[in-house]
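Student: My questions will all concern the structure given below.
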Amino acid sequence: MPAFCGPDPGTVAALDKAISLARPNFGPLTKNETADIKGRKHGYLNLPGLYEAVVGALLTQGVVVTNSIQHVAGGFLIVTQLQDMNRGGWRLSEFPVINLSGGSSAVAAAATTAPRINLQLLLGICAQDDEVEAPAAAVAPWNAPAAAGGSWEVPAMPVAPAAGGQPFAGGYDTTQGQAHQAPQAMPAQAMPAPGAPVQGMPYPQHPQQAAPQQQQPPTPYANF
């Protein structure tokens, strides 16, 4: 059995059939809410709107939707499950949340965002979800398209100085903002030629190469 479904192929197939029968009866999946995320306007279909669009049709086919939170090392998982109440088949999707710096507000945001994503994945649908009034350059500057009437180039990356030199402003680790010295270059070391002894040892104990094996001539085939 593949991961995240069960308990056997027959019941999973029955669940998939129930979902396929419910899908033509899903309601509109258009965005119904706009959020301001770090200065960007983001339009999307919220969780109540998604439930309103799909849950009624799923219940008609005996499929229920449940959500739960499971704690894991460094964060938690939000698990969304579809279960066929007639045959017992189930499918689930896990959404990991590892950044807890936002406290309870971050948990609350994840508790509504994750089920929306999980449920759409499980049902094979895509609700309208776009960013409005957000220039592409502000969202992903490294992949920003060329502006009208001009061209866009990848910003030049700073070059690390030679060994022993001074680091560029901001250091090598831009995530920490700390300046670090460039690592010292390792001195070049001459490697002994094949056959030359190493520290008084004969050739067969050379650490880099093993002694060549003397090949035996092939045994001629017998004449019959």
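The values are calculated or read from the model by the stated rules, or taken from the named source; none is laboratory data. Note that the coordinates shown come from a computational prediction; the quantities given were computed from them, not determined experimentally. Cβ coordinates were reconstructed from backbone atoms using ideal geometry, including for glycine residues, and neighbour counts include every protein chain displayed.
Student: What number of residues within the stretch 17-44 are within 24 Å of E94 (Cα to Cα) and buried (at least 16 other Cβ atoms within 10 Å of the Cβ)?
Tutor: Within the stretch 17-44, residues that are within 24 Å of E94 (Cα to Cα) and buried (at least 16 other Cβ atoms within 10 Å of the Cβ) number 9.
Student: Sticking with this structure for a sec: Among the numbered criteria (1) surrounded by fewer than 19 Cβ atoms within 10 Å (Cβ to Cβ); (2) part of a strand (DSSP E or B), which single criterion is violated by A106?
Tutor: Here A106 meets the rest and fails (2).
Student: Give the stretch 7-34 a look and list any residue that's within 21 Å of A109 (Cα to Cα) and out of contact with any Lys or Arg (no Cβ under 8 Å at 6 or more places or on another chain), or say none.
Tutor: Scanning the stretch 7-34 gives L29, T30, K31, N32, E33.
Student: For the stretch 82-127, enumerate the residues that are over 18 Å from the mean Cα position of the chain (by Cα) and modelled with pLDDT under 90.
Tutor: L100, S101, G102, G103, S104, S105, A106, V107, A108, A109, A111, T112, listed by residue number.
Student: Look through R87, R91 and report the one residue that is out of contact with any strand residue (DSSP E or B) (no Cβ under 7 Å at 6 or more places or on another chain), under 29 Å from K17 (Cβ atoms) and buried (at least 17 other Cβ atoms within 10 Å of the Cβ). Don't jump to the end; show me each part of the working.
Tutor: Working: R91 fails: out of contact with any strand residue (DSSP E or B) (no Cβ under 7 Å at 6 or more places or on another chain).
The unique qualifying residue is R87.
Student: Here is a further query. For residues that are surrounded by fewer than 13 Cβ atoms within 10 Å (Cβ to Cβ) and not hydroxyl-bearing (S, T, Y), tally how many sit in the stretch 49-73.
Tutor: 4
Student: If you don't mind, another one. Counting only residues that are more than 24 Å from P96 (Cα to Cα) and modelled with pLDDT of 95 or more, how many does the stretch 38-62 have?
Tutor: Here the count works out to 9.
Student: Now a separate question. When the stretch 23-45 is examined, which residues are found to be touching a residue at least 40 places away in the same chain (Cβ under 8 Å), within 14 Å of L119 (Cβ to Cβ) and assigned to a loop (DSSP other than H, G, I, E, B)?
Tutor: Matches in the stretch 23-45: F26, L29, L45.
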